[in-house]
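Student: A single structure is presented below for examination.
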Amino acid sequence: MNSFYRHCLRPILFTQDSEKIHDRTLKFLGWASRRPSLLRAAEKFFAAPELPVELFGLKFPNPIGLAAGMDKQAAAIPMWEKLGFGFCELGGVTWHPQPGNPQPRMFRAVEDEALINRMGFNNHGAQVLALRLAEWKKLGLWPAHPVGVNLGKSKVTPLEKAAEDYANSFRALQGLADFFVVNVSSPNTPNLRQLQDKAALDEILAAFQELNVTAPRQSAANTEVAAFCRDAATPILVKVAPDLSFEALDEILELAAARNLSGIVAGNTTIARPQTSNRRLGKIYSEMGGLSGRPLRQRSTEMIRHIYQQTRGALPIIGVGGVFDANDALAKIYAGASLMQVYTGLVYEGPGIARKIVAGLAERLNRDGFATIKDAVGATAR
Ligand SMILES: Cc1cc2nc3c(=O)[nH]c(=O)nc-3n(C[C@H](O)[C@H](O)[C@H](O)COP(=O)(O)O)c2cc1C
């Protein structure tokens, strides 16, 4: 399947505008997600072997997840599990619905297997997402693997009101997802990354902490939604930018214990660009936005290693950036990540990517003498 995708399907898909093909694919996957026969067929082709990880009280069937941004509106929740993913992160969602930046806003740098995007959190808002999540639960199509939600700040909300904006989204969605990721690292919302500053982030996390001890079933405003809420505190993670200095990163890590963080997602897209003498690539790299894919791989692994060493392995890390195959994933595990996510890899490698990585990981871990993922986490960073 992987070779069929790369050599036959991908060249056809890549003749079309990248956002258009993304939207069409999501529409198709959403349609297929409501058809049990198609879900079964997908599972037959793409199911990944078991490679379990237990982290922040959740059981992940395997460590390869779908990264934020791919399924912003929860259009195809049941399908991600059938495509072999061990978890998925929906969103980014904001409190206020917003259209995002003008199009075109997503570009392929094919020679480098990278993407540049400046989507700007285009989404229908947290309340609509809450209804969508409740609907999947009602249909009985909720997946067995953990589901996270990525929260961003609404563009219209000034930075001083950011904590309230994030808290509103969390309140609307609390209890409907297994974990939440506070995204203060997208380069596409003006000044958002200033919220990575210790004091600003502390204020946001304090707001979460306050809400996260109350019973979501009672706090959910919408009764339609409340019926599907779980009644427990939810793991909260923070997603950081690969452009942060290690000093700035350390300041964020200092908040982890006090604010009860469950982990760090390292990381988002970068505003840095690789050197290139290729004119076509150079033109694409001159587009504003965040770069993802292969050129990001090494930097995100370096961040993971730093976080692991700085926290002595005490804070779980989700590694994301340039994961295309089992070697990429293994490098992140050895650097200190317990789970990994893919976005750009899925675009370039196709729907067989999770299965391929998990199978390869199982083989490599076995060869390197590790019985479980947990044993291998941070193996070269200790
Ligand atoms: C088109 C696009 C949209 C994205 N949207 C979000 C988002 O809403 N929230 C977020 O935290 N990350 C978002 N990301 C970043 C990815 O989740 C991921 O961190 C990044 O792409 C690096 O991983 P990759 O190299 O596997 O793509 C987006 C990435 C892309 C390419």
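Student: Counting only residues that are over 23 Å from residue 76 (Cα atoms), open to solvent by less than 10 Å² (accessible area, probe 1.4 Å) and in a helix (DSSP H, G or I), how many does segment 113-162 have? Full working, then the answer.
Tutor: Residues of segment 113-162 over 23 Å from residue 76 (Cα atoms): 113-114, 116, 153-162.
Going one step further and asking which of them are open to solvent by less than 10 Å² (accessible area, probe 1.4 Å), we end up with 114, 116, 153-154, 162.
Restricting the remaining residues to those that are in a helix (DSSP H, G or I) gives 162.
Here the count works out to 1.
Student: Does any residue of segment 86-96 turn out to be among the small types (Gly, Ala, Ser), away from the ligand (no atom under 14 Å from the Cβ) and at pLDDT 95 or above? Can you show your working first?
Tutor: Going through segment 86-96, the residues among the small types (Gly, Ala, Ser) turn out to be 86, 91-92.
Still in the running and away from the ligand (no atom under 14 Å from the Cβ): 86.
Now drop any that are not at pLDDT 95 or above, which leaves 86.
Taking every residue of segment 86-96 in turn, at least one turns out to be among the small types (Gly, Ala, Ser), away from the ligand (no atom under 14 Å from the Cβ) and at pLDDT 95 or above.
Student: Taking segment 183-204 only, how many residues are closer than 21 Å to residue 234 by Cβ and within 16 Å of the ligand (Cβ to nearest atom)? Walk me through how you get there before you give the answer.
Tutor: Restricting attention to segment 183-204, the residues satisfying the condition of being closer than 21 Å to residue 234 by Cβ are 183-185, 195, 201-204.
Cutting the leftovers down to within 16 Å of the ligand (Cβ to nearest atom) gives us 183-185, 195, 201, 204.
Summing the residues that are closer than 21 Å to residue 234 by Cβ and within 16 Å of the ligand (Cβ to nearest atom) in segment 183-204 gives 6.
Student: All but one of (1) under 15 Å from residue 106 (Cα atoms); (2) part of a loop (DSSP other than H, G, I, E, B) hold for residue 243, so report the exception by its number.
Tutor: (1)
Student: Go through the residues of segment 209-221 one by one and say whether even a single one is modelled with pLDDT under 95 and closer than 30 Å to residue 114 by Cβ.
Tutor: Applying the first criterion (modelled with pLDDT under 95) to segment 209-221 yields 209-221.
With the extra rule that they be closer than 30 Å to residue 114 by Cβ, the set shrinks to none.
No: zero hits.
Student: Return the residues of segment 287-328 that are more than 17 Å from residue 241 (Cβ to Cβ), in contact (Cβ under 8 Å) with a residue 40 or more places away in the chain, outside any loop (DSSP other than H, G, I, E, B) and within 11 Å of the ligand (Cβ to nearest atom); say none if nothing qualifies.
Tutor: 294
Student: Right, next: For a quick check of your reading of the model, give me the residue pairs whose first member lies in segment 254-270 and is over 29 Å from residue 117 (Cα atoms), whose second is modelled with pLDDT of 95 or more and within 8 Å of the ligand (Cβ to nearest atom), with beta-carbon atoms closer than 7 Å and at least 6 apart or on different chains.
Tutor: none
Student: Can you pull out the residues in segment 329-353 that are within 12 Å of the ligand (Cβ to nearest atom), open to solvent by less than 10 Å² (accessible area, probe 1.4 Å) and under 24 Å from residue 56 (Cα atoms)?
Tutor: Correct list: 329, 332, 340, 341, 342.
Student: Output yes when any residue across segment 371-378 is part of a helix (DSSP H, G or I), among the acidic types (Asp, Glu) and more than 13 Å from the ligand (Cβ to nearest atom), and no when none is.
Tutor: Yes.
Student: Please go through segment 6-55 and pick out each residue that is in contact with a strand residue (DSSP E or B) (Cβ under 9 Å, 6 or more places away or on another chain) and among the β-branched types (Val, Ile, Thr).
Tutor: Taking segment 6-55 as the starting set, the residues that turn out to be in contact with a strand residue (DSSP E or B) (Cβ under 9 Å, 6 or more places away or on another chain) are 14, 17-19, 22, 48, 51-55.
Listed by number, the list holds a single entry, 53.
Student: Can you name the number of the only condition in (1) under 18 Å from residue 274 (Cβ atoms); (2) among the charged types (D, E, K, R); (3) crowded, with 24+ Cβ neighbours inside 10 Å that residue 302 fails?
Tutor: (3)
Student: Check residue 266 against each of (1) within 30 Å of residue 20 (Cβ to Cβ); (2) within 11 Å of the ligand (Cβ to nearest atom) and name the one condition it does not meet.
Tutor: Here residue 266 meets the rest and fails (1).
The values are calculated or read from the model by the stated rules, or taken from the named source; none is laboratory data. The structure displayed is predicted, hence computed values, not measured ones. Don't worry about glycine lacking a Cβ; one is built from the backbone with ideal geometry, like all the others, and counts go over all protein chains shown. Only protein heavy atoms, including side chains, enter the accessible area calculation; ligands, DNA and RNA are left aside. Shrake-Rupley method; radii C 1.70, N 1.55, O 1.52, S 1.80 Å.
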